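Read the structure below first, then the notes.
The values are calculated or read from the model by the stated rules, or taken from the named source; none is laboratory data. All values reported here derive from a predicted model rather than from experimental measurement. Neighbour counts run over all protein chains shown; Cβ positions are idealised from the backbone, glycine included.
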Amino acid sequence: MNESILKLQDLLDRGCKIVKIYPKIFGSDVEINIVMVEVSCPDKNIHKIRAFREEAVDLREFIRIKNLDSK
């Protein structure tokens, strides 16, 4: 697993929620070079995860498979 997925999984395990994904998961599936995920935690901290190129594709697929974009 790549670093962005591990970081996202760690935040989700701590009770954090995804608030924003750019570009949208169900948006155009043209070649994606960057994905940004904003995560809000119970302690009111906001974390931003950025993934580039192949890692971006893997992160989008992880979110899609876990159905995290609908929360």
Subset of the stretch 32-46, residues in a strand (DSSP E or B), under 17 Å from VAL57 (Cα atoms) and of a type outside the set (Asp, Glu), comes to ILE34, VAL35, MET36, VAL37
Can you confirm whether VAL30 is surrounded by 14 or more Cβ atoms within 10 Å (Cβ to Cβ) and at pLDDT below 95? no
For the stretch 15-26 the number of residues that are surrounded by fewer than 11 Cβ atoms within 10 Å (Cβ to Cβ) and on the phi < 0 side of the Ramachandran plot is 2
